[in-house]
Amino acid sequence: MKKVLSIALVSTMALTAIAASTKTAQAAVILDNHHVQVEAGDTYKDIAANAGVTIAELEQANGREIGGFDLIFPGETVTLPGATTQVATQQPSTTQAAAEDTSYQAPAQQATQVQAPAPAQTQTASTQATTQTGTSQGTFKISFYDPAVLGSNMGYSGVAANLSVFPKGTTLKITLSDGTVLIRTVNDTGTFAYSNPNQLDVAMPNNQIPSYGVTTASVEVL
């Protein structure tokens, strides 16, 4: 009788072991493509085998120490490596979509269109400068002075003018009323010229100053 009971007990234990082994082989409940739920008897080895990955990959996907002791509990969710791989794969896809989006080129084209009028404006300014060059500025009162007599070393190539009319460095063609033509560069402003915008004081040696009757001249900007 004892022998029969022993055989029955051994058979029961064997069946229990087989049942437990069968349950462990199921390796957790699949929640979705990238997550499973641990059931009693599951191990990282079983879950990795059923997912077709290595234990190290499964440990890495769940932030565990690779090669360490993987303690898991029923009801716990385990992430499969496929979830991490898919996220990494999607990132180049997003970058590529942004690179292929032609709308990003719109600002560059817009900037080109806005800048296009700039050369035209430059050309207009250049045309205006050309138009002013050589144009008559009208008739001006003329006086003469000798810089050397005044103790100045500025020479005889200059002319004093009201600087608000002719800035320093402006080259003038001065045609005197007797027909004499003088080319002078504005380099100063004298007392008379400063107080009278239509007055020019021409530098000239005393022995070359025209007669008193020459008091006006037509002026052009060169």
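Using the Cβ atoms and a cut-off under 15 Å, what net charge is assigned to the surroundings of I66, where Lys and Arg are +1 and Asp and Glu are -1? The partial results should precede the final answer.
On the way: positive: K45, R64; negative: E57, E59, E65, D70.
Taking every other residue near I66 into account, the sum is -2.
Report the full-extension gain for the segment Y194 to S164: residue separation times 0.36 nm, less the Cα-Cα distance, to one decimal in nm. Walk me through the numbers on the way to the answer.
Numbers: separation 30, 0.36 × 30 = 10.80 nm, distance 0.90 nm.
Computed gain between Y194 and S164 is 9.9 nm.
For T216, the residues 5 or more places off, or on other chains, whose built amide H falls under 5 Å of its own are I142, S177. Can you bin region 166-222 into rounded, prolate or oblate? Criterion: square roots of the alpha carbon gyration tensor eigenvalues sorted a ≥ b ≥ c, rounded for a/c under 1.5, prolate for a/b above b/c, oblate for the rest. Prolate is the answer for region 166-222, as a/c is 1.5 or above and a/b outweighs b/c.
For Y194, Y145, Y156, Y44, the ranking by accessible surface with the largest value first comes to Y194, Y156, Y145, Y44, using a 1.4 Å probe.
Nearest 20 debye, what's the magnitude of the dipole of region 144-222 about its Cα centre given +1 on Lys and Arg Cβ and -1 on Asp and Glu Cβ?
Values: 3 positive and 5 negative charges, 28 e Å.
Value, rounded to 20: 140 debye.
Full extension of the chain between L31 and T175 yields a length gain of 41.5 nm, computed as 0.36 nm times the residue separation minus the alpha carbon distance. Only aspartates and glutamates eight or more places from K168 in sequence, or on another chain, were considered; those with a Cα closer than 16 Å are D188, D201, E220. Between E76 and T185, the distance separating the two model label sites (each 7 Å from Cα on the Cα→Cβ line) works out to 9.2 nm.
The values are calculated or read from the model by the stated rules, or taken from the named source; none is laboratory data. A quick note: this is a predicted structure, and the numbers were derived from the prediction, not measured. When we count neighbours, we look across all protein chains shown, and the Cβ atoms used for this are built from the backbone with ideal geometry, even at glycine. Quick note on the areas: whole protein, heavy atoms, side chains included, nothing else; ligands and nucleic acids left out. Shrake-Rupley method; radii C 1.70, N 1.55, O 1.52, S 1.80 Å.
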